[in-house]
Amino acid sequence: EPEVTQTPSHQVTQMGQEVILRCVPISNHLYFYWYRQILGQKVEFLVSFYNNEISEKSEIFDDQFSVERPDGSNFTLKIRSTKLEDSAMYFCASSAGYNYGYTFGSGTRLTVV
Amino acid sequence: KNEVEQSPQNLTAQEGEFITINCSYSVGISALHWLQQHPGGGIVSLFMLSSGKKKHGRLIATINIQEKHSSLHITASHPRDSAVYICAVRVNAGNMLTFGGGTRLMVKP
């Protein structure tokens with residue numbers, strides 16, 4: 001069964017450092033997403049990406065965040081200057097279309113110290 | 001603002017029991033998803049539905065659009081069903097999912 005692959009599975013970074021979280025969505029999917037889950041809280045939407053541009057973003061997705069699909073297979077989330085409150089599990093997901101289900105990756109646990 | 005509420009928050013059952021998890025939401029939606037999250041954190045999609053009922057193995061999901069309510073049922077529960085079950089909705093004209101807080105299910109042998 002096709003999978004969404006996320007790397008790394010766990011990243012520890014110093015406050016103020018830049019991090020890039022990587023995702024390889026399912027190859028024929030068209031919609032890509034990033035969600036995050038702070039420990040003990042609900043999963044929250046960050047951003048959706050379609051046709052090489054952001055289609056929707058939440059209030060969390062401020063100027064410190066950016067997404068890119070650099071080579072047609074990878075989908076990355078960059079946090080420019082990490083804060084302690086960015087510590088969370090970050091999930092990538094992809095979907096074949098608006099009326100299709102999601103496939104989630106296994107997540108990247110980001111710890112900012 | 002769309003709110004997604006699940007009940008119960010925690011549920012302990014004996015193996016073999018029939019389990020029901022409920023989800024209510026406050027605005028019009030185009031689809032509702034039921035997801036499963038295991039202790040390692042990974043999320044698996046169980047169902048996406050916009051009307052009626054879907055069944056997969058021992059899992060059944062129903063939705064009542066008029067009442068803004070969905071249920072996930074597990075028949076003949078098993079310890080391997082122990083996980084957090086999450087309801088998430090996609091509002092009309094949007095593409096993002098809004099998540100409920102999850103129901104933590106433990107099935108004892």
> Over the alpha carbons of segment B:46-88, what is the largest minus smallest coordinate on each principal axis, giving the biggest first in Å?
Replying inline: 34, 18, 15
> Measuring from label point to label point, each 7 Å out along Cα→Cβ, what is the A:Y100 to B:T20 span in nm?
Replying inline: 3.5 nm
> If you roll a 1.4 Å probe over the protein assembly as shown with all protein chains in place, what percent of the accessible area is carbon or sulfur?
Replying inline: 48 percent
> How big is D, in µm² s⁻¹, for segment A:14-111 by Stokes-Einstein at 25 °C and 0.890 mPa s if Rh is the Kirkwood radius over C-alpha pairs?
Replying inline: 180 µm²/s
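Quick one: net charge around B:I29, please, counting Lys, Arg +1 and Asp, Glu -1 for every other residue with C-beta under 11 Å from its C-beta.
Values: positive: B:K68, B:R90; negative: none.
Charge balance in the 11 Å sphere: +2.
Quick one: what do you get for the protein assembly as shown if you divide its Cα Rg by 2.2 N^0.38 Å? Don't skip to the end; give the middle numbers.
Details: Rg = 17.5 Å, N = 222, 2.2 N^0.38 = 17.1 Å.
That ratio works out to 1.02.
What's the local net charge at B:V44, with K and R +1, D and E -1, over the other residues with C-beta under 13 Å away?
Surrounding charge for B:V44 is -2.
With Kirkwood's inverse mean 1/r over C-alpha pairs for Rh, give me the Rg to Rh ratio of chain B, two decimals please. Before the final figure, lay out each step's value.
Details: Rg = 13.3 Å, Rh = 13.9 Å.
With Rh from the inverse mean 1/r over Cα pairs, Rg/Rh is 0.96.
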>> Modelling each spin label as a point 7 Å along the Cα-to-Cβ direction, I'd like the A:N51/A:S27 distance in nm, to one decimal.
In response: 2.5 nm
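If you stretched the chain out fully between B:K108 and B:S50, how much longer would it get, using 0.36 nm times the residue separation minus the C-alpha to C-alpha distance? Provide the component values of the computation, followed by the final result.
Values: separation 58, 0.36 × 58 = 20.88 nm, distance 3.23 nm.
Contour length minus the Cα-Cα distance gives 17.6 nm.
Can you tell me the accessible area per residue over chain B, all protein chains present, probe 1.4 angstrom, in square angstrom? Could the numbers behind the result be given before it?
On the way: 5110 Å² over 109 residues.
On a per-residue basis, chain B sits at 47 Å².
The values are calculated or read from the model by the stated rules, or taken from the named source; none is laboratory data. Since this is a predicted model, take the numbers as computed values, not measurements. FYI the Cβ positions are ideal-geometry reconstructions off the backbone, even for glycines, and counts take in every protein chain you see. Please note that ligands, DNA and RNA were not included when accessible areas were found on the heavy atoms of the full protein model with its side chains. Shrake-Rupley method; radii C 1.70, N 1.55, O 1.52, S 1.80 Å.
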